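Visitor: Just dropping this structure here.
The values are calculated or read from the model by the stated rules, or taken from the named source; none is laboratory data. This one's a predicted model, so the numbers in the text were calculated from it and none came from an experiment. Here the Cβ is made from the backbone with ideal geometry for all residues, glycine too, and neighbour counts use every protein chain on show. Accessible surface is based on the protein model in full, side chains and every heavy atom, while ligands, DNA and RNA are left aside. Shrake-Rupley method; radii C 1.70, N 1.55, O 1.52, S 1.80 Å.
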Amino acid sequence: MSGGGLRQQPPPSSDLAPTRRTIDIDAPIGLPGVSLHDILRTLLRRRWPMVGIMLGAVLCSLVYLFLESPSYVSSTRVLVRVGREKLSSVSIPQISAGNFMFSERPENVNDEVEIMRSPAVMQRAYPLLRERLEEMAAAAPPPSPLRRLINQAKGIARDAAKLAQWPLRVITGRRDLSPEEALYETISRSLVAAPVRETNVFGVGFGWAEPHFAAFALNTILDAFIQEHIRVQSSAAQAVEFYREREAGAVAELAEVDAGIEAAARTAGIADPGAEKQVIISLITTLERDISQARISEDQTRRRAAELRTQVETGQDWPATPGVPQVQLTQLADIDARYAEISGRRNAALTQLRPTSREVRDLDQQIANLRRQKYAALIGYLDDRIATEQQVQVAAQTRLVETHARQARLQAIEARFIATQSRRDQLLQRIREYRQQIDHMQMLRAMDSDDQTSVRILSPALPPLLPSWPRATLLLGLALGCGLLLAIAYAVFAEFFDRTVSTERDAERVLGLPVLARVPEMRR
């Protein structure tokens, strides 16, 4: 039977008689080929349950949107520069400015993000935020009955969650947070800060159910962040006290060093070892020069005396005295005067007498005696001068030895004085550096009082106009997508576990026989 008419079939022969077979409906069925027609037929057969699943998912999302309080996120950005907190301890000429900026930029931004996330910032801002929340709660109108019912349902859900977590808290030993602690944790979790890549900026946001409070909370937290940044990055007040203590210690040590220098000077009898050293060096130079000159003069005098001794035996001329200060030799002057007188008398006698005359010979004899007296006087004088020059050398040599010993003692004193003076110079330099640092820190403290920092808030936080959560379009789209997936999964599993025979292919697959006719459904 096919369609609406009857088709005559030939009578079965005895050879084609069907054999008896047992049909097991619950036997496992092999996986036949699935066509697009089968898929569409399966989806159409179960279209109403699938539509119900999708509508249920959308309805759940609508209920969530209705029950969930909107969350408004107020955000802004903060610019971080390489400010005086970094540059005060960095020597710029030693490194490349470009490399310095490149290496410091991410470090500075991450440092400021960590300061923003630190509990100290929230502890500064929390009292103001709590006070603002109390004011808002006091000024808020009473909620509608529906909103009151929703809040009660949320409270019941929170209590149920706490009750479910009670065994875990008992095992771990955790305690329940007080309302004050819970509010603090809620406000802390509402703050978000993250750096912006490849910039000197980091973003910060605060989410809350009331947009004006979100903007107020973020601005308050930013003010607390600026104060905490100043405290962390620039501790000028503590630095001033630190350098003042170091300066006082250096001044006290300098006074001890000066007292030690004065005591050493009084003990050694030397006020300035450096000047005393120059005097000793000058004295040593003078003594060595005097000794050298005395030796040279002694040698010259000895040669002159040797020459005179030779002339005594062979010389006939009147001996001269070159290089000898005759004004200091009275005996030689008398002899020279007598020689001049006798020579004059002889010359006068030679004009009247012959050289062989008795009177001339007597005068010659007197001149010879005077010559011998002159040589003897000169030799005696030169011997006395040699002795005097030797005495001068001995005295100078003795004084030179004493001066060298004094110089050795002075060198030891000078070494101690130089070490002490070097320590004094170091203390003076350190005191100057401490005072420079004090002046610098006082300037920084003045800048801190005016909030002169290296971070700048690009714009104050404003109340957001639209909530950031929940996003109705996104949630409805996700609900519709999840519902569609669940519906398709339902259709697949329902078709897989369905054991009913509803089509010709089902009959052929179960019976293993071809379908000869199909009876249409009778409709009234």
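Visitor: Within region 48-104, how many residues are open to solvent by less than 60 Å² (accessible area, probe 1.4 Å), polar (S, T, N, Q) and at pLDDT 50 or above?
Guide: 5
Visitor: Checking residue 114 against (1) free of Cβ contacts under 8 Å to residues at least 60 places away in the same chain; (2) surrounded by 10 or more Cβ atoms within 10 Å (Cβ to Cβ); (3) charged (D, E, K, R); (4) under 20 Å from residue 71 (Cα atoms), which single condition isn't satisfied?
Guide: Looking at each condition in turn, residue 114 falls short on (4).
Visitor: Further, regarding this structure: Looking only at region 357-389, which residues are closer than 26 Å to residue 285 by Cβ and either open to solvent by 70 Å² or more (accessible area, probe 1.4 Å) or in contact with a Leu (Cβ under 9 Å, 6 or more places away or on another chain) (or both)?
Guide: Scanning region 357-389 gives 385, 388.
Visitor: To continue, here is another question. For region 314-342, which positions are at pLDDT 80 or above and either outside any helix (DSSP H, G or I) or farther than 29 Å from residue 303 by Cα (or both)?
Guide: Correct list: 341, 342.
Visitor: Applying the selection to region 158-188, what residues are of a type in the set (A, V, I, L, M), open to solvent by 60 Å² or more (accessible area, probe 1.4 Å) and under 29 Å from residue 217 (Cα atoms)?
Guide: Across region 158-188, the qualifying residue is only 177.
Visitor: I'd like the full set of residues that are touching a helix residue (DSSP H, G or I) at 6+ places or on another chain (Cβ under 7 Å), of a type outside the set (A, V, I, L, M) and in a helix (DSSP H, G or I), limited to region 461-493.
Guide: 482, 483, 490
Visitor: Sticking with this structure for a sec: Are any of the residues in region 241-252 open to solvent by less than 20 Å² (accessible area, probe 1.4 Å), hydrophobic (A, V, I, L, M, F, W, C) and not in a strand (DSSP E or B)?
Guide: Scanning region 241-252, I find at least one residue that is open to solvent by less than 20 Å² (accessible area, probe 1.4 Å), hydrophobic (A, V, I, L, M, F, W, C) and not in a strand (DSSP E or B), so the answer is yes.
Visitor: Okay, moving on. Could you tell me whether region 159-178 includes any residue that is outside any helix (DSSP H, G or I) and on the phi > 0 side of the Ramachandran plot?
Guide: Scanning region 159-178 turns up at least one residue that is outside any helix (DSSP H, G or I) and on the phi > 0 side of the Ramachandran plot.
Visitor: Quick test of your reading of the structure: residue 270 fulfils all but one of (1) touching a residue at least 24 places away in the same chain (Cβ under 8 Å); (2) assigned to a helix (DSSP H, G or I); (3) over 30 Å from residue 461 (Cβ atoms). Name the failing condition by number.
Guide: In the conditions (1) touching a residue at least 24 places away in the same chain (Cβ under 8 Å); (2) assigned to a helix (DSSP H, G or I); (3) over 30 Å from residue 461 (Cβ atoms), residue 270 misses (2) alone.
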